[in-house]
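Read the structure below first, then the notes.
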Amino acid sequence: MSDRTARVSRRAATRAAAATGLAALFGVTATGTAGAATRRTPTGPRSAADRPAGRATAATAAAAPTVTRLGPRTLDVSLPSAALGRSAPVRLILPSSFGARPARTYPVLYLLHGAHDDYTSWTRETDIEAFTAGRELIVAMPDAGPTGIPTAWRGGPDYETFQLTEVPALLNRDYRASGVRVVAGVSTGGYGAMAHAARHPGVFAAAASYSGILDTRAPGVPSLMDAIVARENLAPLSLWGNPILNLLTWRDFNPRDRAAGLRGTALYVSSGSGVVGGTGDWLPEALESALWPSAHAFTDTLARLRVPVTTHFYAGGGHSWTYWKREFGASWPMLAGALGVPE
């Protein structure tokens, strides 16, 4: 597949995800040319990445990581994971001085992908490799599965443990990572950035969310989460169960409900108002608009708790990389300060 074809495919997936999410939010059926043309149709059994993980096998636990070199600083690591019951990928960008300074340790910038995308998105959609050249940090882009929701699924894979325990162990052991970490993510990855930092206080020095789902219990948002799961042909309620019957689980994984855990972490939250003032691509703009209230509810809760946060709520905008690239740049001074690297 060419780079151009891949980009078109990802844009199509974004539009399809927006249509599916909006259908769930507003109780309508997503129809029309765009939705029909871009929805993925299963052609066979789900892959191992899509199926709920079982108990890790002895072979999985004992296997060594497989490394594929993509460039002078960029590599893909296939990491055997007990939390997932399979190997899963993480893309790494190493510091420019990594080979020349074998005794040095490096801080880590974790970048999380969004729904219906994968761990390659940040290098595909941004210039993150060139941007970090000479800044002496490791960039880690771990897999979060087809939904991009990096959490412990109900009776299924545990992407939270994969991202917060197994990937850091790899980086500490093989790539001289220091104990300094920051995390940023887009869409469901923005959810992951705030959920990880809130549920594990002190693990990250800073967290940034760009169009993240920051109050998963806000009106309409549980239906959106269900739509993301359903689009990958995963079982209903396989995420956290029923939002009413399993309320405690939903609360436990909700960034807004866990906001007190963010005290002491440098925070950046951005979100657009969506349909008014955007580019005219109405599906991503409507989805952005649907997430606007939950982002405000999250930051309002931070304000009540007196937890400092830098916010950028902008008019218009869409649920797309056009805006997320800009917001990453705006948040970079905060992230760089927490990492201890030059802006």
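The values are calculated or read from the model by the stated rules, or taken from the named source; none is laboratory data. Because the structure is predicted, anything quoted here is derived from the model rather than measured. FYI the Cβ positions are ideal-geometry reconstructions off the backbone, even for glycines, and counts take in every protein chain you see. For the accessible areas, the whole protein counts, side chains as well, though only heavy atoms, and no ligand, DNA or RNA atoms are used. Shrake-Rupley method; radii C 1.70, N 1.55, O 1.52, S 1.80 Å.
Under the simplified labelling scheme, the Thr311-Arg251 pair shows an inter-label distance of 2.4 nm, with each label point 7 Å from Cα along Cα→Cβ. For Ala88, the amide hydrogen comes within under 5 Å of the amide hydrogens of Leu79, Ser81, counting only partners 5 or more places away or on other chains and with H modelled in the peptide plane. Projected onto their three principal axes, the Cα atoms of the range 112-172 cover extents of 42, 28, 10 Å, largest first. Amide H to amide H, with H built 1.01 Å from N, Leu112 comes under 5 Å of Ala184, Gly185, Val186, counting only residues 5 or more places away or on other chains. Its Cα gyration tensor gives the range 77-231 an equivalent ellipsoid; the semi-axes, largest first and in whole Å, are 27, 16, 14.
Considering every Cα-Cα pair within the range 148-293, what fraction, in whole percent, is farther apart than 22 Å?
On the way: 4477 of 10585 pairs.
Distances greater than 22 Å cover 42 percent of the Cα pairs.
The alpha carbon radius of gyration of the range 157-206, expressed as a multiple of 2.2 N^0.38 Å, is 1.13. Here is the tail figure for the range 301-343: Cα pairs spaced more than 11 Å apart come to 73 percent of all pairs.
The slack between Lys325 and Ser223, meaning 0.36 nm per residue of separation minus the straight C-alpha distance, is 34.0 nm. The stretch between Arg124 and Asn172 holds 14.7 nm of extra length on full extension. This uses 0.36 nm per residue minus the Cα-Cα distance. Normalised by 2.2 N^0.38 Å, where N is the number of residues, the C-alpha radius of gyration of the range 60-146 stands at 1.12. Distant-in-sequence amide contacts of Ile213, defined by a placed amide H-H separation under 5 Å and a gap of 5 or more residues or a different chain, comprise Gly190, Tyr191. Residue ranking by accessible heavy-atom surface, 1.4 Å probe, largest first, among Trp292, Trp332 comes out as Trp292, Trp332.
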